[in-house]
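Asker: I have a structure I would like to understand better, so I am pasting it below and will then ask my questions one at a time.
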Amino acid sequence: MINKFPILLLILFSCASNQKQYAVEHTQDDYLADEHSQGKFNDYYLNDEYTPVLTTVIETKKISSKYLMAGPAIDAKNLINKDGVMYKPKLFIKIFGPGEVFTGKAVHYFMNGLKKSEGTYLNGVKDGEWTYWYEIFGPAMVESKGSYKLGNRNGLWEYWYSNGKKRETGILTNKERNGKWTYYNEDDSLDIIINY
């Protein structure tokens, strides 16, 4: 009877070295695509036990905020608000207190489960596009929409009545109305235009 042990070792060694070469050639410039990891592969290799090892050390200074905010939105009730700054909880459990400052998309919900607001945080404060909804069952009705910069409403903001008609629109600079603001009545007719 032929001893199968040396043949088996030869096959395993051949497969492992082919996988290592393939991994090095095809993953150096690839990005991680799952929602749990971000950034480039720093190293990917197979060790002696033929177990894949991924090193994903990321320097956040080199990653643009748009990339960090591109993932799926998380439920904001899983974050910790400390002095107006949002944090991820330590060890994924709130009772251990705040961990690192949160950057990414978040969704806030009303008590009845309807979406209240959705937008992005950068270093724990609102930054980027945000949308707010009315607490109305049925089709989602937008209450307001606009952008934040470093935690303050900044840029074009639009507001609607609960019937879906536009209420007002204008530019905010550091939470202050700036320039021309247009106000409408509930029947969609023009009410007044004010320059601030």
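The values are calculated or read from the model by the stated rules, or taken from the named source; none is laboratory data. Bear in mind the structure is a predicted one, so any value in this text is a computation, not a measurement. Note: ideal-geometry Cβ built from the backbone for every residue, glycine included; neighbour counts use all protein chains shown.
Asker: Does residue 116 satisfy being at pLDDT 90 or above, among the basic types (Lys, Arg), within 17 Å of residue 148 (Cα to Cα) and over 13 Å from the mean Cα position of the chain (by Cα)?
Answerer: Here the answer is yes, as residue 116 does meet what is asked.
Asker: Kindly indicate the residue of the stretch 185-196 that is assigned to a strand (DSSP E or B) and touching a residue at least 12 places away in the same chain (Cβ under 8 Å) and also farthest from residue 114 (Cα to Cα) among those meeting that condition. Can you show your working first?
Answerer: Taking the stretch 185-196 first, the residues assigned to a strand (DSSP E or B) are 190-195.
Those still in the list that are touching a residue at least 12 places away in the same chain (Cβ under 8 Å) too: 193-195.
Details: 193: 33, 194: 34, 195: 36 Å.
Within the stretch 185-196, the match that is farthest from residue 114 (Cα to Cα) is 195.
Asker: So in the stretch 84-118, with the set limited to residues that are out of contact with any Leu (no Cβ under 7 Å at 6 or more places or on another chain) and at positive phi, which one is surrounded by the fewest Cβ atoms within 10 Å (Cβ to Cβ)?
Answerer: The initial filter retains those residues of the stretch 84-118 that are out of contact with any Leu (no Cβ under 7 Å at 6 or more places or on another chain), namely 84-85, 89-101, 105, 107-118.
From what's left, at positive phi: 84, 91-92, 97, 113.
Working: 84: 9, 91: 10, 92: 9, 97: 12, 113: 7.
Residue satisfying both the conditions and the ranking: 113.
Asker: Scan the stretch 79-104 for residues that are at pLDDT below 80 and either under 16 Å from the mean Cα position of the chain (by Cα) or assigned to a helix (DSSP H, G or I) (or both) and jot them down. I'd like the intermediate steps shown before the answer.
Answerer: Taking the stretch 79-104 and keeping what is at pLDDT below 80, we get 91-98.
Result: 91, 92, 94, 95, 96.
Asker: Can you pull out the strands (runs of 3 or more DSSP E) entirely within the stretch 120-184 that have at least 3 residues that are over 25 Å from the mean Cα position of the chain (by Cα) and crowded, with 17+ Cβ neighbours inside 10 Å?
Answerer: 166-173
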